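Have a look at the structure below, then the notes.
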Amino acid sequence: MAMTEELKKQLETLKRGTVEIFSLDELAHRLADSHKTGKPLRVKLGMDPTAPDIHLGHTVVLRKLRQFQDLGHKAILIIGDYTARIGDPTGQNTTRPMLKDEDIKKNAETYFQQAGKILDTNENKLEIRYNSEWLAGLSLIDIIKLTASMTVARMLERDTFELRYKKGDPIGCHEFLYPLMQGFDSVAIKSDVELGGTDQTFNNLVGRDLQRNDGQKAQIVMTMPILVGLDGVQKMSKSKGNYIGVTDEPNNMFGKCMSIPDELMDNYYTLLTNLPREQIDTIINPEKTHPRDAKVNLGKLIVEQFYNKATAELAAAEFDKIFSQKQLPTDIEEIAISSETISASKMIMALNMAESGGEAKRIIKQGGLTIDGEKIDDPNFEITPKNEMIVKVGKRKFAKLKV
């Protein structure tokens, strides 16, 4: 197929940061047909509302969806309120617990609000669908027909199931339904393209099979890499504490960006910014750009995405003030606390500066607590709170006490 320069440019934009495309040739043809007919592609992204908050790892695929929107196509965001009842077995060593309806609804609302920071929410560019619309109405015979389209052997090709099967760990029959139900979403909304992380490859390819069985044109599947977290080892995850949340306050968001390992800078710039490849190559080259300056630039770009440029500049200045000039932050939150003597670990718990007693003790033992500039390394050290006392936890959390 002879491609126009405009089509080549679009393909390059959409290819950026992807791991695999099934297939690139199909995508080129589908884009060309869309251009000729004026009919936008329907680009699907499914999410199960299993957690309320999203972080930069989630935004990798959301940014790809936004690229399609900017090229004139329609994003179809599938809220998996029905599939969440099963729980995606991807990457799980055990069967996921089923979520309650109220948790699903609450998480979905929060997710959409946060995804709206990245997506174009104009109704001409975004369609929100809940898969209970079509899955809740399936009869037993419909489900039997659906399961007949997939063999057990094919299911066990999936690494998650294969590993659990070999180890003798239990696999619930309902878990086999998950890929089929997610694939049926593609049939129901007649998607042209489905996006997902590399961990969703199997599920998304099932969608292609089911569409063919239904007589539809098989969707193109595009997979994106899993973003490595701030520890430089494991995938970004709130439970692992190695994440940057899209609702983090600006100073905290910028400070976390400054802790990204040098070796991840290429990955973060490629997946989380729109900078041209040539510019990224210059920024991540230590002979041309100091690594600290590269992180400052990235931090500003990330904060600007979720706030604005002025806020990003202020966050950078505040970081420099605290860490380079060793000064206190401009605005330290004043927190009320009892004047009664309390242990160091219990105090930072009372100030909501640690999520658990275990975390509080770990922070203190690792030298992460200072009070009025004095380091405290004993979790049981007794403190009598006083007005104006400055508490610092870790590198970025400050509190001014009010008794």
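The values are calculated or read from the model by the stated rules, or taken from the named source; none is laboratory data. Quick caveat, the model's predicted, so the values are computed rather than measured. Quick reminder, even Gly has a Cβ in these numbers, built from the backbone with ideal geometry, and neighbours come from all protein chains shown. Surface accessibility is based on the protein's heavy atoms, side chains included, excluding ligands, DNA and RNA. Shrake-Rupley method; radii C 1.70, N 1.55, O 1.52, S 1.80 Å.
For this structure, a couple of remarks:
- Residue in the stretch 175-196 that is acidic (D, E), open to solvent by 30 Å² or more (accessible area, probe 1.4 Å), in a helix (DSSP H, G or I) and under 26 Å from D101 (Cβ atoms) present: no
- Pick from the stretch 1-23, criterion of a type in the set (A, V, I, L, M, F, W, C) and surrounded by fewer than 15 Cβ atoms within 10 Å (Cβ to Cβ), ranking: nearest to the chain's Cα centre (by Cα): V19
- Cross-chain or 6+ apart pairs with Cβ under 7 Å, the stretch 135-148 first and without any contact (Cβ under 8 Å) to a residue 60 or more places away in the chain, then surrounded by 13 or more Cβ atoms within 10 Å (Cβ to Cβ) and in a loop (DSSP other than H, G, I, E, B): L135/Y82; A136/Y82
- For the stretch 241-264, the set of residues classified as part of a helix (DSSP H, G or I), under 17 Å from N285 (Cα atoms) and over 17 Å from the mean Cα position of the chain (by Cα) consists of D262, E263, listed by residue number.
- Unique match (being open to solvent by 30 Å² or more (accessible area, probe 1.4 Å) and either part of a helix (DSSP H, G or I) or in contact with a Ser or Thr (Cβ under 7 Å, 6 or more places away or on another chain) (or both)) among D293, D378: D293
- Residues satisfying the stated conditions in the stretch 338-357, i.e. assigned to a loop (DSSP other than H, G, I, E, B) and either open to solvent by 90 Å² or more (accessible area, probe 1.4 Å) or within 26 Å of G241 (Cα to Cα) (or both): E340, L351, N352, M353, A354, E355, S356
- Qualifying positions in the stretch 381-403 - in contact with a Pro (Cβ under 7 Å, 6 or more places away or on another chain) and not in a strand (DSSP E or B): V403
- Selection within the stretch 216-234 - open to solvent by 70 Å² or more (accessible area, probe 1.4 Å) and closer than 23 Å to L205 by Cα: K217
- Pair list, Cβ < 7 Å and 6+ apart or interchain, from the stretch 274-286 residues that are in a helix (DSSP H, G or I) to residues that are surrounded by 14 or more Cβ atoms within 10 Å (Cβ to Cβ) and of a type outside the set (A, V, I, L, M): I280/D266; I280/Y269; I280/T270; T282/T289; I283/Y269; I283/T289; I283/N297
- Hits in the stretch 358-375 (condition: surrounded by fewer than 14 Cβ atoms within 10 Å (Cβ to Cβ), among the small types (G, A, S) and either more than 34 Å from the chain's Cα centre (by Cα) or in a helix (DSSP H, G or I) (or both)): G358, G373
- Residues of the stretch 24-48 satisfying the condition of being of a type in the set (D, E, K, R) and surrounded by 15 or more Cβ atoms within 10 Å (Cβ to Cβ): E26, R30, R42, K44, D48
Rundown of residues vs (1) at pLDDT below 95; (2) in contact with a Leu (Cβ under 9 Å, 6 or more places away or on another chain); (3) within 23 Å of H290 (Cα to Cα), yes/no style:
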residue	(1), (2), (3)
K238	yes, no, no
N242	yes, yes, no
V246	yes, yes, no
G255	yes, no, yes
D262	yes, no, yes
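- Selection count, the stretch 24-61, where residues are assigned to a strand (DSSP E or B), modelled with pLDDT of 90 or more and either under 18 Å from the mean Cα position of the chain (by Cα) or not β-branched (V, I, T) (or both): 5
- Test: residue in the stretch 318-337 that is more than 20 Å from R396 (Cα to Cα) and either open to solvent by 60 Å² or more (accessible area, probe 1.4 Å) or without any contact (Cβ under 8 Å) to a residue 40 or more places away in the chain (or both): no
- Unmet requirement for E162, which otherwise passes all of (1) assigned to a helix (DSSP H, G or I); (2) in contact (Cβ under 8 Å) with a residue 12 or more places away in the chain: (2)
- Condition check for T311: at pLDDT 90 or above, surrounded by 13 or more Cβ atoms within 10 Å (Cβ to Cβ) and polar (S, T, N, Q): yes
- Residue in the stretch 150-158 that is within 18 Å of Q216 (Cα to Cα) and at pLDDT 90 or above present: no
- Test: residue in the stretch 239-258 that is more than 30 Å from R362 (Cβ to Cβ) and open to solvent by less than 10 Å² (accessible area, probe 1.4 Å): no
- Scanning the stretch 118-146 for residues that are of a type in the set (S, T, N, Q) and surrounded by 14 or more Cβ atoms within 10 Å (Cβ to Cβ) yields T121, N131, S132.
- Matching residues, the stretch 277-290, being open to solvent by 60 Å² or more (accessible area, probe 1.4 Å) and closer than 15 Å to R16 by Cβ: R277, E278, Q279, D281
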